[in-house]
Structures are given as C-alpha cells and as structure tokens.
Amino acid sequence: MTDAALPHSAVEADAPARRDFGLKRRHAAERRFRMYGIVAIFIGLGFLAILLVSIVSKGYTAFVQTAITVPVEFSADIIDKDNERATNPRVLVSANYPVIARNAVAKALSVSPDDKAAMREVAKFVSDGNRATLRQIVMDDPSVIGTTRNVTLLAAADIDSANKGQVDLAVPQDKRKVSDQQIAWLDQLKAEGAISTPFNWGLLTFGASSRPETSGLGVALAGSLYMMAIVLLCALPIGVAASIYLEEFAKKNRFTDFIEVNINNLAAVPSIVFGLLGLAVFINFFGLPRSAPIVGGLVLTLMTLPTIIIATRAALRSVPPSIRTAALGVGASKMQMVFDHVLPLATPGILTGTIIGLARALGETAPLLLIGMVAFVADAPSSPLSPATALPVQIYMWSNEAERAFVERTSGAIIVLLAFLAIMNIAAILLRRHFERRW
Amino acid sequence: MSLETVDTTSAAPVTEPRNAPPKMQGDKVCVFYGAKQALFDVDLKIEQFSVTSLIGPSGCGKSTFLRSLNRMNDTIDGCRVSGKITLDKDDIYDPSIDVVELRARVGMVFQKPNPFPKSIYENVAYGPRIHGIARNKTDMDEIVHSSLRRAGLWNEVKDRLNEPGTGLSGGQQQRLCIARAIATRPEVLLMDEPCSALDPIATAVIEELIDELRENFTIVIVTHSMQQAARVSQKTAFFHLGKLIEEGKTEDIFTNPRNKQTQDYITGRIG
C-alpha cells in the first residue's frame with residue numbers, strides 16, 4: 001500500500017515557491033571555498049619556493065671550487081734530502097708537500113722565499129689539503145722528483161670565498177680573513193689565467209676535514225648508502241611477510257587487532273626513541289660497534305617497518321576480492337592465491353610504500369645522533385661495520401661550523417640530500433605508473 | 001578422492017539411468033553466519049550430467065547452498081556448516097578432504113566475470129598448472145585449446161591468446177571464466193548467477209553453452225531469472241527464507257507446483 005493519496009501538508013504545498021531560495025548564498029559559499037583552497041595552495045607553494053631559493057642560492061657555489069694552476073717544482077731537496085727513497089719508501093709519504101705547494105705559488109707570484117711575512121700570506125693562500133694531491137703524484141711516479149710540471153692546486157677556503165665574491169671588501173682589512181695583498185694576488189693570478197673554478201668533485205668524495213675545501217660528503221654518502229641497503233634488505237622482506245600474514249592468513253581476533261593497533265602506534269613513535277632503543281639493544285646488548293652503518297641501518301629498519309607494513313596491507317587490501325575468489329575457485333591453495341595473484345597486483349603499492357619509507361629513513365637524523373654516527377670520520381667506510389656518518393648528520397655537523405665556506409657546503413649538502421629524495425620519489429611515481437594495472 | 005577419477009569429460013555418457021545415485025547430495029545442511037542461520041536442514045540431490053537450477057528471492061540461501069558445495073563458504077569468517085554434503089559418497093566436510101582437491105573436482109563460475117589480469121592463455125592454463133594436470137607444453141596447449149573450444153570462445157580469441165583476459169567483453173570474459181573452470185576437468189560445475197551481469201545476447205550464448213556442457217559436466221546454477229531456469233535446467237529447487245521449499249523436475253515446478261509459496265514466486269507474487 002502506498003501513501004501517494006495522502007493530502008499535502010501546508011509545508012509541502014509551499015515547497016515549489018521556496019525552491020530556489022539561497023542559490024546565491026550557496027554559490028557564494030562555493031566560490032569562497034575555492035578561494036580558500038587556492039590561497040592555501042599558494043601559501044604552501046610560496047613557502048616551498050622560499051625554502052628552495054634560499055638553499056639553492058646559498059648552496060650552488062659549493063659545487064665549484066677555486067683552483068690555482070701553477071708550475072710546481074718537485075724539488076728533491078724538499079722531498080728527499082738525503083736521497084734514501086730507494087731504501088726507505090716512507091720518505092715519500094712524510095715529505096713536506098705543503099712547502100712545495102707554497103713555493104710554487106710564491107714563485108708564480110714573484111714572492112721571494114726570504115720574505116717571511118709575505119710567505120705567511122702565501123701559506124694561507126693555498127690549501128693545506130694539497131698535501132694529498134702532491135703526495136699522490138709523487139707516489140704514482142717517483143721520477144717526477146727534480147722536475148717541474150703544471151699542477152692544479154686547491155685554493156684555501158677563504159681565497160675560494162673571495163673568488164666567489166663572498167668576502168665584503170668594504171670591511172677593514174684586519175676585520176676580515178682575506179688580506180688586501182691576497183686579493184691583489186688573486187686578481188694577478190686571474191689575469192694570468194691561473195685561476196679556474198672546476199666542478200667540486202671533492203664535495204662528493206672527501207671525508208670529514210677541519211678545512212672546508214677538503215671536506216666532503218664521501219663518508220656520509222657511503223654511510224647512507226650502506227644504511228639504505230640494510231633497510232631495504234631487512235625491512236622489505238620482514239614488512240611484506242608480516243603484512244601478508246596479517247592480511248591474508250591471520251584470523252581476525254583481539255590479538256591481531258592488538259598487533260594492528262601497535263603497528264600503527266609504532267609508526268607514530270618519535271624517531272629519537274628508536275635511536276635510544278638502538279643504543280640499548282644493538283650497541284649495549286648485542287655489542288655491535290658504535291658509529292657503524294649496520295647499527296644505523298637496523299635502527300632505521302625498525303623505524304621504516306611500520307610504514308612498509310601499513311603500505312603493504314593497504315596495497316593487499318586494494319586487490320579486488322573477485323581475484324581471490326577466482327583463484328580459490330579453481331582450487332588454488334591460499335598461498336598460491338597470494339603469491340600467484342594477489343601479490344603481483346599489490347606490488348606497485350608495496351614498492352611505492354617501501355621507497356617512501358626509505359626516503360624517510362634517508363632523511364632521518366635524530367636516531368643516528370644517539371648511536372654515535374655524529375662523528376669526525378675522515379676515511380670512507382670499508383664495510384657496514386666501520387665508522388661512518390650519514391647525509392643528514394653531515395648537514396647537521398657542518399651547520400655547526402663557523403667558516404663561511406661551511407655555510408655554502410651545508411646548503412650544498414642539503415641540495416644533494418634533496419636531489420636523492422627527489423630521485424627516490426620520482427622512482428616511486430614511475431614504478432607505480434609502470435606496474436599499475438587497470439581492470 | 002583421487003584426481004585419476006576426474007577425467008569424466010572423455011567418457012561422456014549422455015544418458016544416465018534415472019535411478020543412478022546422485023552426484024552430490026545435501027543431507028540436513030544448515031549454514032550459519034556467526035549467530036545468524038542462513039540455511040535450515042536442506043536435503044537436495046544433484047543428478048549427474050544434468051542441470052539443477054536453484055531459484056528463489058534474494059537472500060533465500062540459494063547462493064549459500066551453492067557455495068557450500070565446494071566449500072567456498074570456508075573463506076568467510078564466522079561461517080559454519082552442519083549436516084552432510086557428499087560428492088560420490090565422500091563427505092566433503094570430512095577433515096580428510098582437502099579443499100584444493102575438492103575445488104578441482106567441483107569448479108565454480110561467479111556472478112561477475114572475474115578473469116585474472118593475465119593473458120587469456122594464462123587464465124585457462126592456471127588451474128591445470130597448479131594441479132599438475134598437464135605434463136608438458138603440448139598437453140597444456142591442448143587443454144587450453146579444448147577448454148576454450150568447449151566454452152565457445154576459441155574462434156573469437158585464437159589469434160590473441162597472449163592478450164589480457166580483462167580486455168574481452170563481458171560475455172566473453174564470462175565464457176573465459178567457464179573455460180578456466182572446466183580446464184581442471186571438474187566433475188561438477190557450480191554457476192552463481194553467471195548471466196546477471198550480461199546483456200541478453202551474451203546471456204543466450206551462455207545458456208546454449210550450459211546446455212552443451214551438460215553432456216560432460218554436472219551443473220548447478222543459481223539464477224534470478226525463472227525463464228532461464230526453465231530454459232536450461234532439468235531439475236529446479238525453490239528456496240525461500242533459508243529453507244528448501246520444493247524441488248523436482250523443472251517442468252513440474254513451473255507448470256504444476258505443489259507448494260503455494262512456489263506458485264506465488266513463479267507467478268511473481270513474492271520475491
């Protein structure tokens with residue numbers, strides 16, 4: 001029985017007359033809301049732009065380094081005074097190479113080696129880090145001793161800053177680190193074409209150093225790479241296995257609910273807590289070495305696991321149930337159903353989640369501070385057990401340094417880190433695009 | 001149960017004596033979803049090499065009964081079955097029975113066509129592969145070929161076996177699912193409203209196919225369309241509110257129902 005025959009009440013009878021009231025108000029509300037949205041987007045983009053511009057404008061100069069190309073005399077008197085290199089190779093290692101570099105530049109500037117004051121200025125003009133470059137040349141080919149050849153030497157950090165126009169010459173000479181004499185020399189060498197600014201490979205290869213011009217991200221990159229490899233090797237299999245079990249096999253009961261709640265809670269635990277956990281468990285209990293990428297990798301694994309589990313479970317859940325029933329319907333066992341049908345369809349989601357988890361781990365600093373990865377490590381780690389630092393930690397350490405040259409290096413390192421994060425996120429998007437199936 | 005007995009397709013005895021033992025039999029089958037009882041004491045015999053249709057209004061338990069025949073209900077949390085269902089005298093809920101083997105013997109086609117998002121060939125080959133039916137590539141090609149031919153799809157797809165099965169039309173997808181189901185050489189084929197997502201032309205093709213498949217398979221079909229039940233089945237069972245109200249030869253049910261509820265349903269007064 002329908003109620004169509006009921007008489008309309010007074011309210012109902014009025015309805016057509018009132019029908020289009022408020023349209024203007026509704027449209028205005030919608031326009032307002034769109035405006036808010038656009039304003040919000042512009043504010044967000046604005047801050048992003050400010051951030052990027054400030055980092056890039058401070059940091060791009062870190063990617064070039066001032067170098068001086070001068071004829072260097074590999075004087076036998078300085079390197080091997082007593083001519084004993086045939087019997088004692090250590091002579092070549094411990095020779096006073098900085099003097100050779102200094103003398104070469106002094107000669108190019110026509111400074112007399114007897115002018116002690118001028119020689120002190122010259123000593124501050126070239127980097128002490130040229131020691132390694134020159135030593136390498138001599139070690140590779142001892143016959144170079146006694147001859148002269150053109151070598152590209154690193155300029156000192158302050159000269160590098162001056163060459164990049166970062167030194168304010170209006171400041172009185174005694175209040176700045178670069179003297180008028182040095183500026184004059186710089187201009188003289190520039191005029192002679194001896195000054196060049198090649199790409200600063202050292203930024204990506206050198207380890208820690210107290211001299212900005214010879215400090216780089218080499219150790220940090222190696223440490224981060226080891227840690228990412230460990231995170232990938234540990235977190236992906238554990239996370240995927242745990243998610244598959246929870247999503248496909250485990251009975252839904254209070255215990256699994258409890259586990260699920262705790263996984264979600266773990267994802268929200270501040271990262272420094274994971275650092276403390278790593279210190280207590282991996283270093284104090286298991287006795288793993290301090291400052292080592294293996295500990296960092298394991299701590300970041302713990303931190304990344306919840307992210308990967310949550311992403312994997314979401315990916316598994318998004319596989320349509322009809323695929324599961326189809327597989328079971330032809331007699332597939334549960335495991336065949338999961339591995340032959342569900343998992344391949346969930347792969348893009350799992351990979352995306354994993355890469356985003358890895359990217360988060362790559363940028364993590366706090367837990368690494370607690371396990372001692374904030375250290376002065378000059379040599380590249382030969383294995384995950386040797387001391388290393390990580391990219392974000394290196395940024396943190398450089399940002400504490402006072403020299404002008406470290407400021408640009410800090411921003412330069414941030415650019416490197418952001419580039420890696422961008423590459424990883426783009427990879428996640430491309431993978432998703434490539435594997436995504438439509439049905 | 002052993003898979004050696006599965007190969008009934010080649011034997012193909014079309015005419016079965018009327019008094020032959022039923023292929024499958026439900027005996028006081030009750031199904032519970034949690035505390036809610038969905039089926040009440042259903043006794044139903046399913047004859048070999050014939051089509052049995054299960055009809056009734058929505059929520060009457062016909063799909064539940066169908067799914068309990070190959071234990072697809074096992075996948076639903078909180079589902080419980082009591083009573084006894086036999087396949088050739090074997091109790092399919094006996095702990096010694098593995099669902100993998102059961103589902104190889106009792107295949108299923110679902111309401112919505114659900115091909116795997118893989119190639120047409122792979123869709124059909126998957127079942128035989130996991131059950132080890134094909135000994136080599138030649139065997140597999142033969143199984144895929146004959147299954148697609150039986151499902152009436154071979155001529156339409158023979159040139160694009162490597163294209164995804166999801167790219168076919170709805171009717172073709174459903175026939176692909178039928179080919180996939182018969183590729184494991186089941187003895188019984190369960191169909192859960194196989195035509196409800198299809199247009200009338202595709203439906204007619206499938207109905208014709210069901211009639212042909214009857215020669216080699218025992219078929220149980222759930223349908224909402226009484227015309228379809230009348231067209232394709234030899235035996236019809238009418239379910240209402242979880243109970244089996246009436247069962248019998250299809251022509252008897254539709255022309256001369258004994259029960260008033262059955263009569264009301266087939267004349268369109270309930271449902």
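Odds and ends about this structure:
- Filter pass, residue B:68 being under 21 Å from the mean Cα position of the chain (by Cα), within 20 Å of residue B:239 (Cβ to Cβ) and at pLDDT below 90: no
- Only residues that are hydrophobic (A, V, I, L, M, F, W, C) and farther than 14 Å from residue B:107 by Cα were counted across region B:175-209, and they come to 9.
- Some residue of region A:182-201 being in contact (Cβ under 8 Å) with a residue 24 or more places away in the chain and under 30 Å from residue A:361 (Cα atoms): yes
- Checked against the criterion of being within 14 Å of chain B (Cβ to nearest Cβ) and of a type outside the set (Phe, Trp, Tyr), region A:351-373 contains not a single residue that satisfies it.
- For region A:143-178, filtering for residues that are surrounded by fewer than 16 Cβ atoms within 10 Å (Cβ to Cβ) and more than 17 Å from residue A:66 (Cα to Cα) leaves 13.
- Residue A:216, sole failed condition from (1) surrounded by fewer than 21 Cβ atoms within 10 Å (Cβ to Cβ); (2) within 26 Å of the chain's Cα centre (by Cα): (1)
- Region A:124-142 - residue that is aliphatic (A, V, I, L, M) and surrounded by 20 or more Cβ atoms within 10 Å (Cβ to Cβ) and, of those, farthest from the chain's Cα centre (by Cα): A:138
- Residues located in region B:247-269, provided they are within 20 Å of the chain's Cα centre (by Cα) and of a type in the set (Asp, Glu): B:247
Yes or no, residue by residue, for (1) within 24 Å of residue A:143 (Cβ to Cβ); (2) of a type in the set (A, V, I, L, M):
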site: A:27; (1), (2): no, no
site: A:56; (1), (2): no, yes
site: A:70; (1), (2): yes, yes
site: A:79; (1), (2): yes, yes
site: A:97; (1), (2): yes, no
site: A:110; (1), (2): no, no
site: A:115; (1), (2): no, no
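- Scanning region A:323-339 for residues that are facing chain B (nearest Cβ under 7 Å) and either within 41 Å of the chain's Cα centre (by Cα) or of a type in the set (A, V, I, L, M, F, W, C) (or both) yields A:323, A:326, A:328, A:330, A:332, A:336.
- Filter result (among the basic types (Lys, Arg) and at pLDDT below 90) within region A:359-408: A:404
- Qualifying helices (runs of 4 or more DSSP H) (wholly inside region A:115-209; at least 3 residues being under 25 Å from residue A:93 (Cα atoms)): A:116-125, A:130-140, A:202-205
- Helices (runs of 4 or more DSSP H) contained entirely in region A:245-339, each with at least 1 residues that are out of contact with any His (no Cβ under 8 Å at 6 or more places or on another chain), under 30 Å from residue B:106 (Cβ atoms) and not small (Gly, Ala, Ser): A:293-317, A:321-329
- Condition met for residue A:301 (hydroxyl-bearing (Ser, Thr, Tyr) and either within 14 Å of chain B (Cβ to nearest Cβ) or within 30 Å of residue B:72 (Cβ to Cβ) (or both)): no
- Here the helices (runs of 4 or more DSSP H) wholly within region B:101-208 that include at least 2 residues being surrounded by 21 or more Cβ atoms within 10 Å (Cβ to Cβ) are B:120-130, B:137-150, B:170-183.
- Of everything in region A:396-439 that is more than 14 Å from chain B (Cβ to nearest Cβ) and not in a helix (DSSP H, G or I), the residue that is surrounded by the most Cβ atoms within 10 Å (Cβ to Cβ) is A:403.
- Scanning region A:45-73 for residues that are out of contact with any strand residue (DSSP E or B) (no Cβ under 7 Å at 6 or more places or on another chain) and over 21 Å from residue A:414 (Cα atoms) yields nothing.
- The single condition from (1) at pLDDT below 90; (2) in contact with a Ser or Thr (Cβ under 6 Å, 6 or more places away or on another chain) that residue A:71 fails is (1).
- Residue in region A:371-390 that is assigned to a helix (DSSP H, G or I), surrounded by 18 or more Cβ atoms within 10 Å (Cβ to Cβ) and within 17 Å of the chain's Cα centre (by Cα) present: no
- Considering residues of region B:164-206 that are of a type in the set (Asp, Glu) and within 13 Å of the chain's Cα centre (by Cα) only, the residue nearest to the other protein chains (Cβ to nearest Cβ): B:192
- Tabulated pairs, region A:249-276, first within 14 Å of chain B (Cβ to nearest Cβ), second in a helix (DSSP H, G or I), C-beta under 8 angstrom, 6+ apart or interchain: A:249/A:334; A:250/A:256; A:256/A:246
- Top-ranked residue in region B:84-128 [being of a type in the set (Ser, Thr, Tyr) and more than 24 Å from residue A:346 (Cα to Cα); ranked as farthest from the other protein chains (Cβ to nearest Cβ)]: B:86
- Any hit, region B:61-84, residues being polar (S, T, N, Q), part of a helix (DSSP H, G or I) and surrounded by fewer than 17 Cβ atoms within 10 Å (Cβ to Cβ): yes
- Any hit, region A:46-57, residues being touching a helix residue (DSSP H, G or I) at 6+ places or on another chain (Cβ under 7 Å) and either of a type in the set (A, V, I, L, M, F, W, C) or not assigned by TED's automatic domain parsing to the domain that holds residue A:182 (or both): yes
The values are calculated or read from the model by the stated rules, or taken from the named source; none is laboratory data. All values reported here derive from a predicted model rather than from experimental measurement. Reconstructed Cβ throughout: ideal geometry from the backbone, glycine too, with neighbour counts over all protein chains shown.
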